[in-house]
1. Running Debye on the chain with equal point scatterers at the Cα sites and no solvent, what base-10 log of I(q)/I(0) appears at q = 0.12, 0.15, 0.19, 0.23 Å⁻¹?
2. Pop out the Kirkwood hydrodynamic radius of the stretch 43-107 from its pairwise C-alpha distances, inverse of mean 1/r, in Å to one decimal.
3. Please work out the C-alpha center-to-center distance from the stretch 87-110 to the stretch 1-80 and express it in whole Å.
4. Per residue of the stretch 75-89, in order, report the coupling 6.51 cos²θ - 1.76 cosθ + 1.60 (Karplus, θ = phi - 60°) as ³J(HN,Hα) in whole Hz, putting x for Gly and Pro.
5. Calculated from DSSP H runs of 4 or more alone, at -39500 (n - 2.57) each and per residue, what is the 222 nm mean residue ellipticity of the chain, nearest 500?
Amino acid sequence: MWWIILKTMIASAIIVAVSEVSQRLPRLGAILLTLPIVSLIAFVMSWQQHRDLSAISRLARETLVLVPLGLPFFVPLAFAERFGLDFWPAFITGLTLATVTIGLWLWFAP
């Protein structure tokens, strides 16, 4: 139980830190978002809990494929001002684009 609480606290701290930093320094917030902090923590915690390198390797391979497929999510948000989109339409459009790219991969990938 304590392990789950610790993981939740770490994830929460990362989210709050990125949110707070990005208000004052958007570039630093973006750097924090691009670092695979969550992945690093997830790999370490998984290793500490299960000691299963095979499972971690599978997770890393899936992540390696899915990260680029999730990048279309950012396109509408990045150009929202240029296209006159408010936050929620840009967010939903990005979510739809990422869902389509990831969904197509899940549908057609071996």
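1. Summing over Cα pairs of the chain leads to -0.58, -0.88, -1.19, -1.27.
2. Numbers: mean 1/r = 0.0736 Å⁻¹.
Taking every pair of different Cα atoms in the stretch 43-107, averaging 1/r and inverting gives 13.6 Å.
3. Using only Cα atoms to place each centre, the spacing works out to 18 Å.
4. The phi angles translate into 4, x, 5, 5, 10, 4, 5, 4, 8, x, 8, 7, 4, 5, x Hz.
5. On the way: 7 runs with 95 residues, N = 110.
Theoretical 222 nm ellipticity from helices: -27500 deg cm²/dmol.
Every number in this text was worked out from the coordinates using simple rules, so none of it is lab data. Keep in mind it's a predicted model, so treat the numbers as computed, not measured.
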